[in-house]
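Everything below concerns the one structure shown next.
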Amino acid sequence: MHKGWSHALMRIMLFLVFLVVLASFVLSLGKTTGPRHEPSAFSERLDYNTATFGQYRDWSERRLRASRLDNPSHEIINRLLPFRLEPDADCPVSADGKYANGIVLTHGLLASPYSMKDIGDYFQSHCFLVLGVLMNDHGTRPGDMLKGHWEDWIAEVHMATRLVSQQVDKVYLSGHSAGGALSVLEASRNPDVDALVLFAPAMGILDVSKYAGMLSQLGDIFSGASWYKVENDEAIYRYESFAFRAVQETWDLIQATQQEVAAHPLSIPVMTVASVQDSTIDVQATFDFMAQQTNPLSFTLLYSQHDLPPYYRTRVYNSNAPEQGVISVSHLGLMTPPDHPWYGRDGGYRSCGHYFGNDADSFARCKAGERDFYGEPTQENRQFGLIERIAFNPFWDDLLDDIDLFIEQVSMDRRGMPIEPELEDPLEL
């Protein structure tokens, strides 16, 4: 190669290295990382294809105890662990010893099974066998998300589905956010699944998320560059710091789910609960997914801060209830009752991360409970004062009534009239 070209190529390479280092430095600004942002040393693997629920729970407990840095109490560990809820003794059992219904519950990204426990109690009270999943790399420390793989998450959902299907006649899957996408993916691959109940399923996120993996690799230079957001991580049952790797894995999961659904469209009943004001996922992708569902029992329960006309197979609830101190429903708490001891109206957790690093005074006041309203912290809502991101569903009883109806229809396999069939066009924001 000509010497002039060699020097030019060297200068270009040095300039690119400079840009990478500069980008890493910029991304790390204002982000102070510590031991909790480093992956744990736990490396024991579980064979999801053969594991029993007891083995899965024991393995999860070893993982939690080896990886947590806060020496959690036995009570906290139990709330983080996968759970199994047996139907009451008076629930009917078929001649071959099976329950009528079972359900697998999968929490969302950054969360844990504790966020799904109350909806699990509801299904148990309706004679369901219930299994709650703890996704790998969750419940321990945020740093474990740096080694996460969505393939492990779907393997766990498939394991739980296998275990439930052995003991019931009808298998339901339910998930929140990324857990919703995992439920859809499993249903597309597994003919044993009979119905879905989804809470704000992550069927789409911002297109820029596809580059999160590359940004994550910049953390090899400055550790803070691996993180989209670094918070205090005071929450006990969910992560508050958010790694770019988790964004990338969610993007990859969504792409795999969309491809699977396109190749193997669902024919089973699907109930989806969503909020128009959701600021975490692409809600339009959820509407588009539901528009593709052909089963006449499929429908969407939709919360909206503003009045919307009725849509085909969509029941719309106005979530603007200032008399309750609520102006909208958020992504977080669709499946959580107002009296939840941690995420509820008077619970121990206050979701104020939207102020963290931007407005120290508002963050402190929000954490102290000095909110003006609960809601999704959109730009519109912040005009009304101090917003605490709502982590519960103030319309819990109405939600359960709608799930009751869905279960009844699926159990009877009744092909009745869709809910509110006035308009047949897909819902568009």
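Worth pointing out:
- Unpartnered cysteines - no second Cys beta carbon under 4.7 Å - across the chain: none
- Ranked by how many other Cβ atoms sit within 10 Å of their own Cβ, fewest first, the residues Lys367, Lys117 fall in the order Lys367, Lys117.
- In this Cβ point-charge picture (+1 for Lys and Arg, -1 for Asp and Glu), the chain has a dipole of about 1740 debye about its Cα centre.
- Hydrophobic, long helices, defined as DSSP H runs whose alpha-carbon span along the helix axis is 18 Å or greater and whose mean Kyte-Doolittle value is at least 0.0, occur in the chain at 3-28, 150-165, 396-412.
- Potential lengthening of the chain between Asn318 and Ser94 amounts to 76.5 nm, from the contour at 0.36 nm per residue minus the alpha-carbon distance.
- One way to sum up the overall shape of region 96-135 is the equivalent ellipsoid from its Cα gyration tensor, whose semi-axes run 22, 11, 5 Å, largest first.
- Packing here is the average count of other Cβ atoms within 10 Å per residue, and on that basis the peptides 173-180, 234-241, highest first, run 173-180, 234-241.
- Percent RCO, i.e. relative contact order, over the chain, from Cα pairs under 8 Å lying at least 6 residues apart: 13
- From its DSSP helices (H runs of at least four residues, each -39,500 (n - 2.57)), the chain gives a residue-normalised ellipticity at 222 nm of -11000 deg cm²/dmol.
- Highest average packing first - 348-361, 392-405, Cβ atoms within 10 Å: 392-405, 348-361
- Net length gained if the chain between Glu86 and Asn49 were fully extended (0.36 nm per residue, minus Cα distance): 11.1 nm
- Across region 101-200, the mean sequence separation of Cα contacts (distance under 8 Å, 6 or more residues apart), normalised by length, yields a relative contact order of 34 percent.
- Gained length - Ala66 relative to Gln255, 0.36 nm times residue gap less alpha-carbon distance: 64.8 nm
- Antiparallel DSSP beta bridges within the chain, as percent of all bridges there, nearest 5: 20
Read-outs throughout are calculated quantities, based only on the coordinates presented, and are distinct from any laboratory measurement. Every value quoted in this text rests on a predicted model; they were computed, and no experiment measured them. No Cβ is skipped: glycine too gets one built from the backbone with ideal geometry, and neighbour counts run over all protein chains shown.
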